[in-house]
Amino acid sequence: MAEAPVQIPDWLEYRSTLAPNEGPSLQGWWICCVCKRENDSTIWGDCCPDCGHIQCDDCTQC
């Protein structure tokens, strides 16, 4: 008999159950305006590792 697939919880649904400021911090994260990748500036700095775009005013903070 086949096993049931593992259910992965929806992050937004899970996040709504947390108290404010609980869970991972998105401080320093930004979204590249060229390829829409979410970037952690502590790891990647101000250069998107996917497309090489340098963070600009059109990129948004998470």
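Coordinate-derived values only; no laboratory data. Computed from a predicted structure; not experimentally measured. Methodologically, a virtual Cβ is constructed for each residue, glycine included, from the backbone with ideal geometry; neighbour enumeration extends over all protein chains shown.
Numbers below:
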| read-out | value |
| --- | --- |
| Phi to ³J(HN,Hα) by Karplus 6.51 cos²θ - 1.76 cosθ + 1.60 over the stretch 24-35, Hz, x for Gly, Pro | x, 7, 9, 4, x, 7, 9, 10, 5, 6, 8, 10 |
| Derived scalar couplings ³J(HN,Hα) [the stretch 48-55; Karplus, 6.51 cos²θ - 1.76 cosθ + 1.60; whole Hz; x for Gly, Pro] | 5, x, 7, 10, x, 5, 8, 3 |
| Sequence-distant residues sharing a close amide H with R37 (under 5 Å, placed H) | C32 |
| Estimated inter-spin distance, C56 and C35, nm [label 7 Å along Cα→Cβ] | 1.6 nm |
